[in-house]
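A quick write-up on the structure given underneath.
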Protein chains: 2
Amino acid sequence: MPSNGRRLDLDGFVPYRLSVLTNRVSNAIARIYSERFGLTIPEWRVMAVLGQASGLSASDVARRTEMDKVQVSRAVANLVRGRRVQKQSDSTDGRVTRLSLTARGRAIYDDIVPHALELEEQFLAALAPHERATFHRLIGKLSEQEIGSSAISTGRP
Amino acid sequence: MPSNGRRLDLDGFVPYRLSVLTNRVSNAIARIYSERFGLTIPEWRVMAVLGQASGLSASDVARRTEMDKVQVSRAVANLVRGRRVQKQSDSTDGRVTRLSLTARGRAIYDDIVPHALELEEQFLAALAPHERATFHRLIGKLSEQEIGSSAISTGRP
């Protein structure tokens with residue numbers, strides 16, 4: 001595609017606005033668990049997923065969170081080292097490693113959750129109840145949208 | 001705060017939903033510039049900001065994007081090494097380093113922008129025009145919301 005010198009107006013560019021908003025919220029929540037438990041954002045995301053759905057593989061976690069696989073592996077390795085997450089071979093398929101929170105990981109998770117919910121509440125206080133419902137609905141629609149056709153990702157002819 | 005064993009229902013937890021959505025969009029756009037120019041997501045974010053507002057410092061970039069300072073410094077260092085971004089001392093305050101795209105960086109930026117806009121368009125096709133306007137408005141409200149009071153971030157008594 002030839003350059004036409006168009007600039008990105010970032011204030012109106014949805015991917016950018018979403019990333020800034022996500023970073024703000026994630027950073028606010030991270031202040032709770034980074035100070036108290038030394039967790040990074042990717043580490044907490046892995047714990048949050050395993051807290052809800054135990055027994056996932058690292059690939060499952062990456063798929064659900066849309067995180068980078070390398071980022072997930074690194075986070076899992078740190079969490080295992082800190083005895084917050086444990087690995088177990090799948091009973092029927094030994095090649096698959098299943099992850100779960102340890103008792104220690106679960107205690108940390110239980111400690112963080114109420115604070116995370118409180119911060120979400122502070123954040124959503126910006127919206128009236130009907131706006132919250134709309135926001136959820138719009139996120140749902142956007143989450144189902146296919147993006148990145150092969151026509152684009154192959155780039156130049 | 002005592003643990004009450006509440007679980008996070010991630011499908012309804014806005015910070016999580018936002019992070020998954022942001023990662024999806026960012027990853028889709030990243031496929032364009034990572035394959036063609038070897039750029040990482042933080043590197044492209046820095047370039048996108050400098051493409052619009054030349055002469056910012058690294059701290060300015062971190063503030064605007066809500067990115068981690070370490071992440072920004074690392075991205076800037078790589079971009080400078082690849083001659084995509086240049087540093088210049090501020091003419092009135094020599095302690096401040098101002099960043100801008102080089103001609104090479106600008107050419108890459110000009111190449112990526114139309115693709116990024118096309119992907120945004122694909123993504124937003126999920127929403128009707130009035131829903132897009134609503135989405136922007138709700139993001140705007142949420143972006144202005146204060147989150148993370150000192151009461152929470154100090155944690156335990």
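Any read-out appearing in this document is the output of simple, stated calculations on the displayed coordinates, not a laboratory observation. Note that the structure is a prediction, hence the values are computed from the model and not measured. A quick note on method: Cβ atoms are made from the backbone with ideal geometry, for glycine too, and the neighbour counts reach across all protein chains shown.
Remark on the range B:66-157: ratio of C-alpha radius of gyration to 2.2 N^0.38 Å is 1.60. Averaged over the residues of peptide A:58-66, the number of Cβ atoms from other protein chains lying within 10 Å of each residue's Cβ is 2. Working note: Cα gyration tensor of the protein assembly as shown, eigenvalues times five, square-rooted, sorted largest first, giving semi-axes of 33, 23, 22 Å. Of all residues in chain A, the one whose Cβ lies closest to the rotation axis carrying A onto B, together with that distance in whole Å, is A:22, 2. Peptide A:131-137 shows a mean partner chain C-beta count of 4 within 10 Å per residue C-beta.
Quote the relative contact order of the range A:1-128 in percent (integer), defining contacts as alpha-carbon pairs under 8 Å separated by 6+ residues. Result for the range A:1-128 is 22 percent. Sorted from closest to farthest, the other copies place their residue B:143 label points 2.3 nm away, with each point set 7 Å from Cα along Cα→Cβ. Ellipsoid semi-axes for chain A, based on the Cα gyration tensor and the rule √(5λ), read 32, 24, 15 Å when sorted largest first.
Take each residue in B:31-38, count the other chain C-beta atoms within 10 Å of its C-beta, and the mean is 2.
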